[in-house]
Amino acid sequence: MTDYSQIPSPCYVLEENKLIHNLELINSVQKRAGVTIILALKGFAMFSTFPIVRKYLKGTTSSSLFEARLAREEFGGELHLYCPIYQENEFPDLIQGATHISFNSLRQWEQFKEKTLSTQISPGLRINPEYSPVEQDIYNPSSPLSRLGIRAEVLGDKLPEGIEGLHCHNLCESNSQALARTLEQIETLFGHYLPQIKWLNLGGGHLMTAKSYDIEHLIQVLTSFKTRYPHLDIYLEPGSAVAWETGVLRATVFDLIETSGPTIAILDVSFTAHMPDCLEMPYKPRIRGARDPQEEEPTYRMGGLTCLAGDFMGMGDYYFETPLQIGDTIVFEDMIHYTMVKTSMFNGIKHPAIGILSSDGSFKLVREFDYEDYKSRLS
């Protein structure tokens, strides 16, 4: 059992053994299915772990100049690029060391075609398969009015000269059945292009490290597709799957506010600043040692430390068998993927520290944040 008294509060704590377990599973998938799985930095960019990750994955995908620079400096290997737009002033720096690039529109391809073809980068187009199992609009890129990807009706009968790949991203923490449906849709709408290309990037959202995920069905779906299109290099670029269930956010109870309803526990973390995906998705994070309350049981609502009235967990309250006390540790489960890359220093509050719980059980503090981190982001 982890001794949280030795870990600063608040702190994101990645567990090394769990990360390695996920990577070993992912590696087995890419070997058995004959595909390549790369790391999406938009989901997991904790570069202190990259020496471990690159033992299993041979590249990354980036969606901005800064992500691409981080990939070059800290990871190496293949570098795939996709941005909704590319900007003239950034493009020369962005493509340094890149191996693949996907364009979001035909207009963007035409704008950067010559600069791309003068390099060794393999160019592709992002397509909209007009299917997604994602119910939350904020995470659904495949609606008819989506700004992400090109619809089949826009492309015509033949791909533009020079295009070597297609990129499809329409999943979010989805299962293998959703991938199978996606490939069916790609073949229906874009199948006549597949003999014209060298690679197909199936994006992220493949939650293969979740306990409920059907790995054998995933292998079957991918190998079947590869049999039909043996000339294609198939890429998947999950972020969540790499860091799924690999770590926590450790926090502390600083005050307890009695109300006519639940008791509000005010913590030294913020939902809006440190766990924004809980509000965006929205979803209720699991807390170690807590459960959903039953009728008539005393309940607690988790509140953040910013001045924002809505900085609290509004998706549901919690029951603790032992009543909370000032100074108690609160451990939010599964807070490493996406959560860490979306944080802010809103309200000038201190960002949680970052640490790693090593395989031998020792804790390594990787990074702490101070006033200069806050000030340097402003002017």
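The values are calculated or read from the model by the stated rules, or taken from the named source; none is laboratory data. What you see is a predicted model, and the numbers here were worked out from it, not measured in a lab. Please note: Cβ atoms are built from the backbone with ideal geometry, for glycine as well, and neighbour counts cover all protein chains shown.
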Quiz item: Taking the stretch 325-362 on its own, how many of its residues are without any contact (Cβ under 8 Å) to a residue 60 or more places away in the chain and in a helix (DSSP H, G or I)?
Solution: 1
Exercise. Inspect the stretch 322-330 for any residue being more than 19 Å from Thr252 (Cα to Cα), surrounded by 12 or more Cβ atoms within 10 Å (Cβ to Cβ) and in contact with a helix residue (DSSP H, G or I) (Cβ under 9 Å, 6 or more places away or on another chain) and give the result as yes or no.
Key: no
Exercise. Evaluate the stretch 122-137: report whether one residue or more is closer than 19 Å to Thr188 by Cβ, among the charged types (D, E, K, R) and under 23 Å from the mean Cα position of the chain (by Cα).
Key: yes
Exercise. May I ask you to say which residue of Leu39, Leu65 is under 24 Å from Ser122 (Cα atoms), within 17 Å of the chain's Cα centre (by Cα), of a type outside the set (Asp, Glu) and at pLDDT 95 or above?
Key: Leu39
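Mind telling me which of the residues Glu237, Glu258 ends up being among the acidic types (Asp, Glu) and either without any contact (Cβ under 8 Å) to a residue 24 or more places away in the chain or in the same structural domain as Asp311 (by TED's automatic domain parsing) (or both)?
Answer to the check: Glu258.
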Exercise. Could you grab me the full set of residues in the stretch 106-129 that are in contact with a Gly (Cβ under 9 Å, 6 or more places away or on another chain) and either outside the structural domain of Thr61 (by TED's automatic domain parsing) or farther than 23 Å from Phe75 by Cβ (or both)?
Key: Trp109, Lys113, Leu117, Leu125, Ile127, Asn128, Pro129
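Could you tell me how many of the residues in the stretch 53-72 are among the charged types (D, E, K, R), free of Cβ contacts under 8 Å to residues at least 24 places away in the same chain and more than 22 Å from Glu245 (Cβ to Cβ)?
Selection size over the stretch 53-72: 1.
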Quiz item: Do we find that His231 is in contact with a Lys or Arg (Cβ under 9 Å, 6 or more places away or on another chain), free of Cβ contacts under 8 Å to residues at least 40 places away in the same chain and not charged (D, E, K, R) in this structure?
Solution: yes
Self-check item: Selection count, the stretch 11-52, where residues are in contact with a strand residue (DSSP E or B) (Cβ under 7 Å, 6 or more places away or on another chain), assigned to a loop (DSSP other than H, G, I, E, B) and farther than 19 Å from Glu245 by Cβ
Solution: 3
Self-check item: Yes/no for His231 being at pLDDT 95 or above and touching a helix residue (DSSP H, G or I) at 6+ places or on another chain (Cβ under 9 Å)
Solution: yes
Quiz prompt | Selection status of Leu365, loosely packed, with under 15 Cβ neighbours inside 10 Å, of a type outside the set (Phe, Trp, Tyr), in contact (Cβ under 8 Å) with a residue 24 or more places away in the chain and within 19 Å of Asp268 (Cα to Cα) | solution = yes
Self-check item: Among (1) closer than 30 Å to Asp277 by Cα; (2) among the β-branched types (Val, Ile, Thr); (3) assigned to a helix (DSSP H, G or I) - the single one Thr188 does not satisfy
Solution: (1)
